[in-house]
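Everything on this sheet refers to the single structure shown next.
Read-outs throughout are calculated quantities, based only on the coordinates presented, and are distinct from any laboratory measurement. Everything quoted here is computed from the prediction, not taken from an experiment. Please note: Cβ atoms are built from the backbone with ideal geometry, for glycine as well, and neighbour counts cover all protein chains shown.
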Amino acid sequence: MSIVTIHNLDDPRLEPYHALKDRVLKERSGRFIAEGHRVTERLLDSGLEVDSILTSPRRLESLRPRLRDGVSVYVASEALMEKVAGFHIHTGVLSIGVRPAKPSLAEVLTPPPGAAPTVLICEKIKEPVNMGAMIRIAVAMGAGGLIIGPECVDAYYRRAVRASMGMGFTLPIRRSDDLTADCAALKTAHSCELVATVLADDAEPLRRAGREPKRAMGIVLGHEVDGLTDELVACCDRRVVIPMYRGSDSLNVAVSAAVFLYHFMP
């Protein structure tokens, strides 16, 4: 572990923090940025590889007990940090982590002790805050992991990581190249029952929907406005709806994820 004080905006050691502002580069780089004191603490506790930490002097001492060998720590004024990041950093901490290897389908179905084998599957989720909330919900409700389609927002995008409060650092997250193919493989190779979450009068009401206790289940959610594509619905075994009242026609997708996961988890 090395601790270095930075005084210059152009210091080459800060280059990764400049570059990681671009969301496309972040996915290609194999890195992600974590914003905030609590999120950085969870990153350090998670076992994921940490490249470096950029912190203000006021936060350094509170982070010190968690610091590991091999992690570079750069200390800078909060004014300099904000110039580097391009946004206000009220917590005084940024960090860069290394993305974990892509998990297998078996790994995203592996639940924590006492939970059922359940995976949350997302098609075309576009909003980083929704993605972060769904990650946090999946962890809290005991899902084994998360599968996101190729058109979903990056689960390691800065705002998604911040919204998840770093809970995704211990959750297997699989970026699928072909979501329909992955869903078909879950059914054939892992006997996984797929539940399409839909808004349809002829769908099964959630209050009456049960599950086989030991059978794996995938809960499939779609775009915040358009829902699931017909192709992915056709791949699922069941269509389930949350009945609503007083003219309501939908819920926020993260709220829906919480309702479905809570209902189906034992």
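Assorted remarks:
- Most fluctuating residue given options Pro12, Pro205, Pro150, as computed from a GNM of the chain linking Cα atoms under 10 Å: Pro12
- Listed by Cβ neighbour count within 10 Å, with the fewest neighbours leading, Met265, Met217 appear as Met265, Met217.
- Extension gain from Arg159 to Ile3, taking 0.36 nm per residue of separation minus the Cα-Cα distance: 53.5 nm
- Whole-number percent relative contact order across the chain, with pairs defined as alpha carbons under 8 Å at least 6 apart: 19 percent
- Net charge contributed by nearby residues that have their C-beta within less than 12 Å of Val240 (K/R +1, D/E -1): +1
- The range 105-264: C-alpha gyration tensor shape, a/c 1.5 cut-off, then a/b vs b/c: rounded
- Neighbour-count ranking [beta-carbon atoms within 10 angstrom, fewest first] of Arg159, Arg215, Arg174: Arg215, Arg159, Arg174
- For the range 34-144, convex hull volume per residue from C-alpha positions, Å³: 135 Å³
- For the range 2-98, the relative contact order is 44 percent, taking Cα pairs closer than 8 Å that sit 6 or more residues apart in sequence and dividing their mean separation by the residue count.
- Burial ordering of Val75, Val93, fewest other beta-carbon atoms within 10 Å first: Val75, Val93
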